[in-house]
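Written out below as structure tokens is the structure these notes cover.
Each value in this text was obtained by applying a stated rule to the coordinates, not by laboratory testing. Worth saying up front: this structure is predicted, and the values here are computed from it rather than measured. Backbone-built Cβ (ideal geometry, glycine too); neighbour counts: all protein chains shown.
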Amino acid sequence: MDAWKDLQLRKLSCEKDLQKAYRLVQNFFNYQGFEYCAFAAYPTFADRHRHRININNYPYGWNKLYKQNGYAANDPILAHCNQSSLPILWSEDIFCEVPELWQALEHQGLSHGWTQAVHEERGTYYSLFSLARMQRPIDPEEHYGNLGYAIFASQRLHALACQRMSDAEPSSQTVHLSPREIEVLRWSAEGKTASEVGRILCLSERTVNFHVNSCMRKLNVTNKISAVAKAAHIHMI
């Protein structure tokens, strides 16, 4: 079995296709006793609904149910992973403030699992990796016995997902910001308000906001902070 594990991890380290890598990971953890494997990745500052990657083999209908009920807004697992790379075991106690979500998980056979996040130092992308099963709680010994494999798998999937999302994003050559728009974003990056930027550039606050909105539209983001982050990411400011 150890030889088989070593072979699968070697294959994973060499695989360049995200879908194939996911299937390797899913197969690996099936043998470790987990029926379900999920991976999601998206930019930290961007339109997540457009750019997000979401691959899993959860029970039929779960993804739709989760979205329709808006569970992401109150999901304590997401709240933890947004701030930490430490793994978190699912339990009823963790979901005490959203019992309806815990009941839905139990109904789908997803009550035994854990999730961990991968956060980049640059903060451009982050991802979530989860393992779950219908039967048998995950005890600490089993959890830590599989943790190293899960970290390796999540980081490999994260790297492939980042490459895919980066390739799909508009480059600095395909996004054109005017000199004035770039000036506005640069001052905004310094923490200046629209009123302060207007005084610096001798513009009205309304004109500054017009330029900010134009930048948001061109960069395909939904707020000023995201526009600044995106412009910095593609080296426009």
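Across the chain, C-alpha contacts under 8 Å between residues 6 or more apart give a mean separation that, scaled by the residue count, equals a relative contact order of 20 percent. Site-free segments of the chain were taken between GluC sites (Glu not before Pro) in DSSP loops having at most 16 other Cβ atoms within 10 Å, sites themselves excluded; the longest one is 1-91. Going through the stretch 1-89, which chymotrypsin sites (Phe, Trp or Tyr not before Pro) have at most 14 other Cβ atoms within 10 Å and a DSSP loop state? Passing both the DSSP loop test and the Cβ count: TYR60. Considering only the Cα atoms of the chain, their convex hull presents on average a projected area of 14.9 nm². When +1 charges are put on Lys and Arg Cβ atoms and -1 charges on Asp and Glu Cβ atoms, the dipole computed for the chain relative to its Cα centre reaches about 1080 debye.
Checking the cross-link pairs LYS20/LYS67; LYS67/LYS218; LYS16/LYS224; LYS5/LYS64; LYS67/LYS230; LYS20/LYS224 against a 30 Å limit on the alpha carbon distance flags LYS16/LYS224; LYS5/LYS64; LYS20/LYS224 as lying beyond it. Starting from the stretch 84-158, pick out the trypsin sites (Lys or Arg not before Pro) whose DSSP state is loop and whose Cβ has at most 10 other Cβ atoms within 10 Å. Answer by residue number: ARG122. Between ASN57 and ILE94, the modelled labels are 2.2 nm apart [label points 7 Å from Cα along Cα→Cβ]. In the chain, helices alone account for a calculated mean residue ellipticity at 222 nm of -17000 deg cm²/dmol, with every DSSP H run of four or more residues adding -39,500 (n - 2.57). Over all projection directions, the Cα-based convex hull of the stretch 182-225 averages an area of 2.6 nm².
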